[in-house]
Amino acid sequence: MANQVQLDPNGGVPSIDLTFGFAQFAKFRIFLWDQNGQNPQEIMHGSNLPGSPHTFSIGVPANQLAGRFVTWDALIASPTGGPGQQYSMTAVFSQNGNIIQGAVFTRAGQLDGAAVDMDQEQFV
């Protein structure tokens with residue numbers, strides 16, 4: 001079951017800030033899905049290379065997001081290689097310039113060369 005992001009339906013268009021820890025390289029995609037978890041629409045794809053943006057608008061007014069899902073997946077790799085490394089990816093949702101309470105989600109794990117990870121949340 002997805003975690004929930006509580007939006008103000010009268011507030012502005014929410015955004016997601018996606019960051020990666022431990023100085024690891026990441027290539028990612030972010031999707032918005034309908035209330036049935038179908039019909040994905042890509043919001044953004046990119047990487048965490050220096051100078052690349054990491055905050056993205058969801059692109060849909062808050063009052064049209066109730067029950068919809070957002071997912072992101074990432075290929076995460078160590079630029080130096082080697083066993084025993086760590087990775088983390090954190091998504092922070094905001095609306096009207098403020099972080100939404102309870103809407104910070106982190107996934108982390110071992111990184112032996114490369115890893116693929118994903119997460120999903122549901123707007124309420």
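Model label points for Q64 and Q110, set 7 angstrom from Cα along the Cα-to-Cβ axis, are 4.5 nm apart. Of the residues F22, F31, F56, which exhibits the maximal mean-square fluctuation in a Gaussian network model of the chain defined by a 10 Å Cα contact cut-off? Among F22, F31, F56, the largest GNM mean-square fluctuation belongs to F22. Under a model in which nothing but the beta-carbon of Lys, Arg (+1) and Asp, Glu (-1) is charged, the chain shows a dipole of about 100 debye around its Cα centre.
The residues of the chain expose, per residue, 54 Å² of accessible area to a 1.4 Å probe. In the chain, a dipole from Cβ-located charges (positive for Lys and Arg, negative for Asp and Glu) runs towards its positive end, and of L111, S94, H54 it is H54 whose Cα lies farthest in that direction. With a cut-off of 13 Å on the backbone N, the residues of segment 90-124 near the modelled label site 7 Å out from V13 along Cα-Cβ are 96. For the chain, give the percent of accessible area contributed by carbon and sulfur heavy atoms, probe 1.4 Å, rounded to a whole number. Of the solvent-accessible surface of the chain, carbon and sulfur hold 52 percent. The K27 and Q4 beta-carbon pair, evaluated with R₀ = 30 Å, returns a calculated FRET efficiency of approximately 0.65.
The values are calculated or read from the model by the stated rules, or taken from the named source; none is laboratory data. The structure displayed is predicted, hence computed values, not measured ones. Note that each Cβ is placed from the backbone with ideal geometry, even for glycine, and that neighbours are counted across all protein chains shown. Note: areas computed on protein heavy atoms with side chains; ligands, DNA, RNA excluded. Shrake-Rupley method; radii C 1.70, N 1.55, O 1.52, S 1.80 Å.
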